[in-house]
1. Within region 76-119, track down each residue that is within 23 Å of LYS58 (Cβ to Cβ) and part of a loop (DSSP other than H, G, I, E, B).
2. Six or more apart or on different chains, Cβ under 6 Å: which pairs go from a residue in region 27-53 that's closer than 17 Å to PHE13 by Cβ to one that's basic (Lys, Arg)? Could you list them?
3. Has region 72-89 got any residue that is buried (at least 19 other Cβ atoms within 10 Å of the Cβ), acidic (Asp, Glu) and touching a residue at least 12 places away in the same chain (Cβ under 8 Å)?
4. What are the residues in region 127-160 that are over 19 Å from LEU4 (Cα atoms) and either aromatic (Phe, Trp, Tyr) or surrounded by 23 or more Cβ atoms within 10 Å (Cβ to Cβ) (or both), if any?
5. How about region 85-114: which of its residues are small (Gly, Ala, Ser) and more than 13 Å from the chain's Cα centre (by Cα)?
6. Specify the residue that is farthest from the chain's Cα centre (by Cα); the eligible residues are those in region 6-30 that are over 16 Å from THR125 (Cβ atoms) and either assigned to a helix (DSSP H, G or I) or hydrophobic (A, V, I, L, M, F, W, C) (or both).
7. Step by step: first the residues of region 108-135, then only those that are among the acidic types (Asp, Glu) and in contact with a helix residue (DSSP H, G or I) (Cβ under 9 Å, 6 or more places away or on another chain), then the one that is nearest to GLN10 (Cα to Cα). Which residue is that?
Amino acid sequence: MRALLIVDLQRDFVDREGALYFEGAEKVVDYIVELAKKFREEDLPIITTQDWHDENDKEFEVWPRHCVAGSEGARLTEKLEEVLKGYNRHYYIRKTRFSAFYKTNFEELIKDLDLDEFEVAGVVTNICVLFTVEELRNRDLRVILHEKGVTSYDEDLHRFALREMKEVLGVEII
């Protein structure tokens, strides 16, 4: 079965007032919202990851403070929240590191839902998207990445990550 995986479409990343917002981050929101609507209409699973950090997370030694557990910035962006409200096939993965697999229940969720294919979108292409997609491919799961649904603060790193996912990991990019 296939699922939509939306990586870190959170207020701190894609809303203009967000702690790690970068110019143009919001450009993927409407595209991803439309994907979510399509998956909901087809009654297919939608999995959202959320960066979910403790107040003094060691990651804040590298990146500015962001997505603190329970904060406004850690919430999914409003348009996506609206689409997912009340949808009983929406699953959350709250993560503390770049990969959605690190110390989460993602692997169990994949097995429980009998998932073998993921359509992926979200932010940031060269960080959380790349590291999560790499883990999916290491489990021999099919990944289709929506190019219009991913973006980065750095165009060169964005292009590198797309190429890495396609040429090294065997991801289908549409």
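1. THR96, ARG97, PHE98, SER99, ALA100, PHE101, TYR102, LYS103, THR104, ASN105
2. Within 6 Å, the pairs are VAL29/LYS79; TYR31/LYS148; VAL33/LYS79; THR49/LYS95; GLN50/ARG94; TRP52/ARG94.
3. No, there is no match, as no residue in region 72-89 is buried (at least 19 other Cβ atoms within 10 Å of the Cβ), acidic (Asp, Glu) and touching a residue at least 12 places away in the same chain (Cβ under 8 Å).
4. TYR153, PHE160
5. GLY86
6. Here the answer is ALA19.
7. Per the stated criteria, the residue is GLU119.
Let's see how each residue does on (1) surrounded by 14 or more Cβ atoms within 10 Å (Cβ to Cβ); (2) among the hydroxyl-bearing types (Ser, Thr, Tyr); (3) in a loop (DSSP other than H, G, I, E, B); (4) out of contact with any His (no Cβ under 9 Å at 6 or more places or on another chain):
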| position | (1), (2), (3), (4) |
| --- | --- |
| ILE32 | yes, no, no, no |
| LYS37 | no, no, no, yes |
| GLN50 | yes, no, no, yes |
| PRO64 | no, no, yes, yes |
| GLY70 | no, no, yes, yes |
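None of the figures in this text is laboratory data; all of them are computed from the coordinates on show. Everything quoted here is computed from the prediction, not taken from an experiment. Note that we place each Cβ from the backbone using ideal geometry, even for glycine, and neighbour counts take in every protein chain shown.
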